[in-house]
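K.L.:
Quick one: the structure is below, and I'll ask about it shortly.
The values are calculated or read from the model by the stated rules, or taken from the named source; none is laboratory data. Just so you know, these numbers come straight off a predicted model, no measurement behind them. Note that each Cβ is placed from the backbone with ideal geometry, even for glycine, and that neighbours are counted across all protein chains shown. Note: areas computed on protein heavy atoms with side chains; ligands, DNA, RNA excluded. Shrake-Rupley method; radii C 1.70, N 1.55, O 1.52, S 1.80 Å.
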Amino acid sequence: MQHPLEFVSVLYRKRLFFQFLFLTIILFAVFQALDKPLRTSAAPNGVVSFELARTPDQADAMVSSWSQEGKFNAAFGLGIDYLFMPAYAFALAFGTLLAAGRHSGWLKPLGAVAGYGVFVAVLFDAVENFALYQVLLGTAQSSYPAIAAICATIKFGLLIFGLVYAFAAWLLPRQTQK
């Protein structure tokens with residue numbers, strides 16, 4: 001199995017990784033600022049609590065606990081997340097590609113799986129955001145909170161798998177074919 005970014009020249013992979021990583025870090029800092037008014041007793045982890053609310057009652061309690069500024073920040077953050085998705089996806093996918101390039105054997109195709117997983121995570125993130133927008137628009141008493149929570153759980157699982165793979169494969173001694 002080939003990594004989804006295998007087509008990118010070896011000459012550009014590291015540079016692209018750092019460019020997307022830089023953009024990811026900048027956008028993550030924006031999210032941290034937007035998340036402050038979302039941290040309430042009903043949503044102790046801010047937007048992450050909202051993503052994982054699961055039930056209409058929990059989601060409604062969170063939205064009700066937010067000020068107008070908080071609701072604006074939540075909506076704006078969901079919009080910015082559509083820019084964040086390709087940034088973090090390409091940063092992590094290039095990270096898995098660079099890590100996989102250090103190995104042969106079973107670790108290399110596992111990097112391809114991790115790379116594809118990152119892009120699948122983006123699809124779940126997009127569906128999750130759509131569901132969360134619906135909740136913000138007043139349709140909390142629906143299946144949207146459950147859809148968002150399921151998508152968020154899968155997204156986080158795939159991203160954690162990619163991060164663990166990238167760090168582990170990078171830290172393990174280089175393994176090349178003989």
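K.L.:
Which entry is the computed semi-axes √(5λ) of the Cα gyration tensor in Å for this structure: (1) 24, 18, 16; (2) 62, 17, 14; (3) 35, 16, 12?
P.N.:
(3)
K.L.:
Which pairs, out of K14/K36; K36/K155; K108/K155, put more than 31 Å between their alpha-carbon atoms?
P.N.:
K14/K36
K.L.:
On to the next question. Relative contact order (percent) for the chain, with alpha-carbon contacts under 8 angstrom and 6 or more residues of separation?
P.N.:
About 30 percent, as a whole number.
K.L.:
Short version: ³J(HN,Hα) in whole Hz for each residue of the range 42-51, in order, from phi by Karplus 6.51 cos²θ - 1.76 cosθ + 1.60 (θ = phi - 60°), x for Gly and Pro, what are they?
P.N.:
7, 10, x, 10, x, 5, 5, 4, 5, 4
K.L.:
Which chymotrypsin sites (Phe, Trp or Tyr not before Pro) in the range 4-65 pass both tests, a DSSP loop state and at most 16 other beta-carbon atoms within 10 Å?
P.N.:
The qualifying sites are F7.
K.L.:
Still on this structure: Output the DSSP H helices from the chain with an along-axis C-alpha extent of no less than 20 Å and a mean Kyte-Doolittle hydropathy no less than -0.5.
P.N.:
Within the chain the helices that satisfy the rule are 10-35, 68-100, 107-136, 144-171.
K.L.:
What residue among A114, S67, L27 has its Cα farthest toward the positive end of the dipole of the chain, where the charges are +1 on Lys, Arg and -1 on Asp, Glu, each on the Cβ?
P.N.:
A114
K.L.:
If you don't mind, another one. Between the alpha-carbon centers of the range 30-76 and the range 137-161, tell me the distance in whole angstrom.
P.N.:
14
K.L.:
Okay, next question. Ordering K71, K14 from largest to smallest accessible area (1.4 angstrom probe), what's the sequence?
P.N.:
Largest to smallest exposure gives the sequence K14, K71.
K.L.:
Order the following by accessible area, largest value first: V164, V113. Probe radius 1.4 Å; ligands, DNA and RNA are ignored.
P.N.:
Sorted by accessible area, descending: V164, V113.
K.L.:
Suppose every Lys and Arg Cβ carries +1 and every Asp and Glu Cβ carries -1, with no other charges. What dipole size does the range 1-119 come out with about its Cα centre, to the nearest 20 debye?
P.N.:
Computed about the Cα centre, the dipole is about 560 debye.
K.L.:
Would you kindly find the accessible area of D35, with a 1.4 Å probe and non-protein molecules such as ligands, DNA and RNA excluded, rounding to the nearest 10 Å²?
P.N.:
Per-residue accessible area (D35): approximately 10 Å².
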